[in-house]
1. Mind telling me which of R46, R110, R74 comes out most flexible in a GNM of the chain, alpha-carbon contacts under 10 Å?
2. Taking the 0 to 90 degree range and rounding to the nearest ten, how far is the long axis of helix 110-120 tilted relative to the main principal axis of the chain, both from C-alpha atoms?
3. Compute the signed sum of charges (Lys and Arg +1, Asp and Glu -1) over the other residues within less than 11 Å, Cβ to Cβ, of R13.
4. Using Cα positions and a limit of under 13 Å, work out the aspartates and glutamates in reach of K23, with same-chain residues fewer than 8 apart set aside.
5. Helix-only estimate, please: 222 nm mean residue ellipticity of the chain, summing -39500 (n - 2.57) across DSSP H runs of length 4 or more and dividing by its residues, to the nearest 500.
6. Inverting the mean 1/r over all pairs of different Cα atoms, compute the Kirkwood radius of the stretch 1-74 and quote it in Å.
7. What is the spin-label model distance, in nm, from E102 to R121 if the labels are put 7 Å beyond Cα along the C-beta direction?
8. Would you kindly work out the equivalent ellipsoid of the chain from its C-alpha gyration tensor and give its semi-axes, the square roots of five times the eigenvalues, largest first in whole Å?
Amino acid sequence: MTSTSTATDPILRQGDSGAAVIKLQQLLNAKGINIAVDGDFGNATRTAVVQFQKQSGIATDGIVGPQTWQALRRDDNAPIQLTDAAIYYEPSKYFYQKEAFEWLQSQISRSDLEEFARRWRNLR
């Protein structure tokens with residue numbers, strides 16, 4: 001299940017502190033960005049947020065708004081729709097996307113690929 005940003009997610013920036021910052025720091029840790037959980041949105045937290053935003057392909061402003069909250073709560077292990085993968089395909093920016101598509105293609109039978117190509121090209 002994919003979690004999204006909620007109406008109760010505050011916009012956080014450097015200088016903020018409290019429970020929401022603790023939650024932010026916990027989510028950053030869960031995403032593999034190691035940060036001390038101290039409830040203070042200081043320099044280290046801002047740097048971690050910018051790193052996460054960059055890795056997630058969202059605006060790297062160091063401010064935690066709806067897009068950043070949504071990305072932090074996204075289940076990275078959930079299956080994706082191929083239509084979504086095609087929309088966000090940027091192999092020059094994310095080299096691993098091309099490798100993932102090449103792997104997927106190697107798993108599909110030639111007859112299925114030919115049928116897909118026929119439908120993709122709208123050939124009757």
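Where a number appears in this text, it was derived from the coordinates with a stated rule and is not lab data. Everything numeric here is computed off the predicted structure, so don't read it as measured data. All Cβ positions, even for glycine, are placed from backbone atoms using ideal geometry, and neighbour counts span all protein chains on display.
1. R110
2. 80 degrees
3. Values: positive: R46; negative: D16, D61.
Every neighbour counted, the sum reads -1.
4. D9, D38, D40
5. Details: 6 runs with 64 residues, N = 124.
Taking each H run of at least 4 residues, the total per residue is -15500 deg cm²/dmol.
6. About 11.9 Å for the stretch 1-74.
7. Placing both labels 7 Å beyond Cα along the Cβ direction yields 2.4 nm.
8. Three semi-axes, in Å: 38, 14, 12.
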